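Here the structure comes first, spelled out in structure tokens, and everything after it is commentary.
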Amino acid sequence: MTDSLEKSPCKAIEKVGPKMADLLVAYLNQLGVDYVFGVPGGAIEPLYDALARSERRGGVRAVVARHETGAAFMADGYARNSGKLGVCCSTTGPGATNMITGVASAYENNVPMLVITAQTAISTFGKGAIQDSSCTGVNTVGLYAHCTRYNTLISHINQFEHKLAAAIMSAMGSPAGPAHISVPRDVMAMDNLIDQANYQLNTLLDRPALIDDHAVDLLFEELKRARHPVFIIGDEACDAIGNILSLAVKTRAQIIVTPQGKGLVSPYHPQFKGVFGFAGHAAARDVLANPKVDLVVAIGARFGEFSSNAWDTENLLNNKLIHVESTEANLTRTPMAKMHVRGCLDTVFDRIANRFGIDTQRFMRKVKSASKESEDNFTRHFEFDDEQGYYSDAAPIKPQRLMKELPELFPPHTRYLVDTGNSLAWGTHYLHPFDRRFSGQRDERGGLFSASVDFASMGWAIGSAVGTSMALHNTPVVCITGDGSWLMSGQELTVAIEEKLTVIFVILNDSAYGMVKHGQTLTGAEPIANQLTRVDFAALAMAMGAPGHVINSPADLQALSIKIICQRQGPTVLDVRIDINEAPPIGLRTNVLQSA
């Protein structure tokens with residue numbers, strides 16, 4: 001009796017032999033994955049047991065979200081900013097269905113993600129087991145078929161390793177995206193007879209830089225002939241942005257970005273003319289409308305509604321366009337283009353730069369030196385729709401002025417994430433961090449500004465900010481969201497508290513679904529179902545355990561101790577009571593709705 005009392009629970013657990021779940025965790029450790037984001041439950045417990053054993057050895061560990069969609073958003077933010085595989089998990093039944101919105105968002109945005117859902121034990125399939133989500137219940141594998149690159153049930157131990165490897169390779173493929181494996185509890189808990197990981201996934205994922213040499217030669221000739229070229233940069237250009245900006249300077253190309261690609265170019269670059277598409281700038285539209293433009297080169301851009309200016313055939317989608325892509329699927333949006341160039345973007349633009357005789361490193365230093373005067377002055381080469389509101393001292397604070405203040409308050413390396421809704425419109429048009437990297441010198445993950453545009457899930461930025469902060473240690477992360485999104489997903493604040501993350505949540509509080517309200521006004525629709533109960537989010541944050549501040553005016557913002565906020569290990573909430581009468585720049589969206 002005495003001997004059994006002296007045995008520690010941890011030591012007893014460690015005597016358990018390796019399970020199939022431990023093999024899964026071994027592969028995640030092989031890839032250098034740091035976290036599995038999820039919510040535990042009975043059917044997924046064998047995986048959490050394996051993660052507990054991994055954490056004690058200093059390996060991948062569990063991060064517990066408060067909702068499964070939040071877990072997927074966290075994995076999304078981690079993947080975008082670490083360059084590694086994002087991993088999320090859920091238990092069977094409602095856990096799996098809760099997570100599907102975050103998975104669909106990653107699918108639309110080509111984010112590499114391994115999605116692990118549980119099933120009840122195989123022996124219970126079809127018997128009415130609680131939370132049955134097999135093919136005889138609420139078929140989660142069937143549900144995930146439409147938002148994943150790979151999707152399977154692992155029904156036998158001999159399938160486990162092969163299907164896991166196939167899922168990870170598919171998630172990190174081209175296009176990247178979520179890969180889903182659904183594993184019954186009894187399979188996950190079986191003894192691991194395989195003994196060790198047989199595949200070297202790092203080697204399998206190291207793909208050669210395939211490239212169309214003939215198309216690259218033609219692109220070089222087109223750039224050499226062009227007198228008034230324009231570069232349109234999307235988010236998938238991140239790996240090649242240094243060479244792209246060097247080439248833009250060499251060819252004197254004017255630069256515009258899609259909403260997704262906004263964070264890759266300094267807004268104060270002398271050739272930058274703003275955002276084209278949703279909440280974009282007149283200068284960017286004017287650049288493409290100029291009849292002198294003889295070549296438009298789009299790079300790493302997914303031309304959906306928001307990034308194509310609602311499929312603008314007059315100025316963009318025409319035979320002046322050359323579309324350069326590593327993701328084949330993106331090219332299906334531009335069949336009218338003069339030319340498609342396929343290949344690894346870094347390799348494509350490295351070769352083009354070499355053909356122009358550009359020593360990229362030397363060129364970067366030269367551009368940085370030549371841009372010093374503009375860098376010091378942070379000169380904008382485009383105008384906002386409402387310059388007056390941008391500088392207004394009025395209270396309640398105007399959203400335009402809020403976007404001006406944030407980069408002036410936070411350090412230059414701060415990452416900004418904007419949520420779906422009015423936050424996206426205000427942030428895209430008016431938020432411009434003081435990015436000093438004129439030459440494109442930056443880590444390969446790229447931008448200071450991120451948005452999830454295509455699937456446009458409310459609450460994405462809240463979970464993604466947590467994942468971003470966990471990928472970028474010691475980097476302040478500012479999440480700009482609305483009160484509607486916060487009421488859906490704000491509980492993830494407690495994850496940031498638990499993990500001691502420096503995330504500043506900026507809530508645009510207008511007691512409304514703002515985009516719905518202003519959209520109804522702009523389109524003449526009935527003003528219905530847009531109001532929210534007034535909430536004191538600062539008080540709510542403090543009740544959860546985080547500092548909260550109410551902001552009514554620019555002076556309130558300027559009075560904040562930003563240095564202390566950025567140094568503390570934990571999140572801060574800013575409840576910003578914005579001017580409810582200010583209409584966001586959402587004309588593109590309302591025009592599409594009206595035309596439909």
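Straight distance only, please: which aspartates and glutamates reach the Cα of K500 with their own Cα at less than 17 Å, same-chain residues fewer than 8 apart left out?
Counting by Cα, and skipping residues close in sequence, K500 has these aspartates and glutamates nearby: D34, E492.
For V64 and D191 in one chain, what is 0.36 nm times their gap in residues minus the Cα-Cα distance, to one decimal in nm?
Roughly 43.2 nm would be gained on extension.
Out of all DSSP beta bridges with both ends in the range 16-205, state the antiparallel percent to the nearest 5.
5 percent
What FRET efficiency do you get for H162 and A310 if R0 is 60 Å and r is their Cβ-Cβ distance, rounded to the nearest 0.05?
0.85
When the chain is fully extended, how far beyond the present Cα-Cα distance does H228 get from D359, taking 0.36 nm per residue of separation?
Taking H228 through D359 to full extension adds about 44.9 nm, to one decimal.
Please get the size of the charge dipole for the chain, origin at its Cα centre, with Cβ charges of +1 on Lys and Arg and -1 on Asp and Glu, quoted in debye to the nearest 20.
Roughly 1060 debye, rounded to the nearest 20.
Could you work out the Kirkwood radius for the range 505-596, taking every pair of different alpha carbons, averaging 1/r and inverting it, reported in Å?
Every distinct Cα pair counted, the radius reaches 15.2 Å.
Where does the charge balance sit around R66 when Lys and Arg score +1, Asp and Glu -1, over other residues with C-beta under 15 Å from its C-beta?
So the environment of R66 carries a net charge of -4.
Where both partners of a DSSP beta bridge lie in the chain, what percent of those bridges are antiparallel, to the nearest 5?
Expressed as a percentage, antiparallel bridges in the chain total about 5.
Classify the range 213-377 as rounded, prolate or oblate from the Cα gyration tensor: take a ≥ b ≥ c as the square roots of its eigenvalues, call it rounded if a/c is under 1.5, otherwise prolate when a/b beats b/c and oblate if not.
oblate
Starting from the Cα of D206, step 7 Å along the direction of its Cβ; do the same at Q491; then give the gap between the two resulting points in nm.
With each label placed 7 Å out from Cα toward Cβ, I get 4.4 nm.
Put a dot 7 Å past each Cα toward the Cβ at D385 and V592; how far apart are the dots in nm?
1.5 nm
What is the sum of charges, Lys and Arg at +1 and Asp and Glu at -1, for the other residues whose Cβ falls under 14 Å from the Cβ of Q388?
Summing Lys/Arg as +1 and Asp/Glu as -1 gives -4.
What GluC sites (Glu not before Pro) in the range 281-361 are in a loop by DSSP, with at most 11 other Cβ atoms within 10 Å of the Cβ?
E314
Quote the FRET efficiency, to the nearest 0.05, computed for M336 versus F220 with a Förster distance R0 of 25 Å and r equal to the Cβ-Cβ distance.
In this case the efficiency is close to 0.65.
Give me the number: length gained by fully extending A525 to Q569, i.e. 0.36 nm times residue separation minus the C-alpha to C-alpha distance, one decimal in nm.
Working it through step by step, the gained length comes to 11.3 nm.
For n ≥ 4 DSSP H runs only, could you compute -39500 (n - 2.57) per run for the chain, divide by its residues and tell me the 222 nm figure to the nearest 500?
Mean residue ellipticity, 222 nm, calculated: -11500 deg cm²/dmol.
Taking the Cβ of P547 as the centre, find all other residues whose Cβ is under 12 Å away and add up their charges (Lys, Arg: +1; Asp, Glu: -1).
Residues close to P547 contribute a combined charge of 0.
Output wanted: per-residue J couplings in Hz (rounded whole) for the range 490-503, from phi through Karplus 6.51 cos²θ - 1.76 cosθ + 1.60, θ = phi - 60°, x for Gly and Pro.
Running phi through 6.51 cos²θ - 1.76 cosθ + 1.60 with θ = phi - 60° gives x, 4, 5, 3, 5, 5, 4, 5, 4, 8, 6, 9, 7, 10 Hz.
Please express the Cα-Cα pair-distance distribution P(r) of the range 39-185 as a list of whole percents, one per 5 Å bin, running from 0 to the bin with the greatest distance.
Going from the shortest bin to the longest, the percentages are 2, 11, 20, 24, 23, 14, 5, 1, 0.
Per residue of the range 120-134, in order, report the coupling 6.51 cos²θ - 1.76 cosθ + 1.60 (Karplus, θ = phi - 60°) as ³J(HN,Hα) in whole Hz, putting x for Gly and Pro.
5, 4, 4, 5, 9, 4, x, 9, x, 5, 4, 6, 4, 10, 7
Against the longest principal axis of the chain, how steep is helix 241-251, in degrees 0 to 90 to the nearest 10, with axes from Cα atoms?
10 degrees
List the trypsin sites (Lys or Arg not before Pro) in the range 517-596 that DSSP assigns to loop (not H, G, I, E or B) and whose Cβ has at most 12 other Cβ atoms within 10 Å. Which are they?
Taking the range 517-596 and a limit of 12 other Cβ atoms within 10 Å, the loop trypsin sites (Lys or Arg not before Pro) found are R534.
Which semi-axes, in whole Å and largest first, does the equivalent ellipsoid of the chain have when worked out from the alpha carbon gyration tensor as the square roots of 5 times its eigenvalues?
Gyration-tensor ellipsoid for the chain: 41, 30, 23 Å.
Filter the trypsin sites (Lys or Arg not before Pro) in the range 269-319 to those in DSSP coil with at most 10 other Cβ atoms within 10 Å of their Cβ, and list the result.
Passing sites in the range 269-319 are K292.
Calculate how many DSSP beta bridges within the range 387-595 are antiparallel, expressed in % of all such bridges and rounded to the nearest 5.
Rounded to the nearest five, the antiparallel share is 5 percent.
Hey, rough spin-label estimate for K127 and A539, points 7 angstrom out along Cα→Cβ, what's it come to in nanometres?
5.2 nm
Helix 514-523 sits at what angle to the longest principal axis of the chain, using alpha carbons and giving 0 to 90 degrees rounded to 10?
Helix 514-523 sits roughly 50 degrees off the main axis of the chain.
If one takes the longest principal axis of the Cα atoms in the chain, at what angle in degrees, from 0 to 90 and to the nearest 10, does the Cα axis of helix 20-30 lie?
Between the helix axis and the principal axis of the chain, the angle is about 40 degrees.
Read-outs: derived from the displayed coordinates by stated rules, not from any lab. Because the structure is a prediction, the values reported are computed rather than measured. Glycine gets a Cβ as well: all are built from the backbone with ideal geometry, and neighbour counts include every protein chain shown.
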